[in-house]
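K.L.:
To start, I am sharing the structure in question, which I have written as structure tokens.
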């Protein structure tokens, strides 16, 4: 068992076939790609910032790099997961205070490959809707959390939280501001989102 799994625990009933399944990318119908490559491709197409990490040391280093890149060292953050607080403490950041947070630090439920989105629930965001959270987000996930579709993600949430099913289940898909609104973006809010993805398979 990896150190990350000991620290964060399993994300549910892990299915090794989830990662190995080949699916077609909507952006290149003639090309078949593995599920993890499809997620990466679609996530970047949506404007997300993707950082691959091999271990927890790289997670900490890249987290610090994000802080440096954005000059977030002396700001307030939002974080509802006690397992991540150590990263804020190590960088002497305040969090969950009365001051408006500059960014939110959070895990997620799953990564959705076919649309390059990230699935969240009340386990991460409490009762807050995406438009009530900071625009800047730093999200931690593992490769075992990648699933084919939103329905696969919902099924995994159901299997993981049989007795305490979370509420406020939502996806975030748009990671850059759209200059001209269209019906596909209606009602959605964009997020400046960094994804730190740890290899755990």
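K.L.:
Over the range 73-201, what is the relative contact order in percent, taking alpha-carbon pairs closer than 8 angstrom and at least six residues apart?
P.N.:
26 percent
K.L.:
What order, most packed first, do the peptides 148-155, 36-43, 90-97 have when packing is the mean number of other Cβ atoms within 10 Å of each residue?
P.N.:
Listed from highest to lowest mean packing, they are 36-43, 148-155, 90-97.
K.L.:
Something else about it: Seen from all sides and averaged, what is the projected area of the convex hull of the Cα atoms in the range 73-201, in nm²? All intermediate terms of the calculation are to be shown ahead of the outcome.
P.N.:
Values: hull surface 36.1 nm².
Averaged projected area of the range 73-201's Cα convex hull equals 9.0 nm².
K.L.:
When you count, for each residue, the other Cβ atoms within 10 Å and take the mean per peptide, how do 76-87, 160-171 rank with the highest first?
P.N.:
76-87, 160-171
Bear in mind that the values in this text are calculations on the coordinates, not laboratory data. All values derive from a computational prediction rather than experimental measurement. A quick note on method: Cβ atoms are made from the backbone with ideal geometry, for glycine too, and the neighbour counts reach across all protein chains shown.
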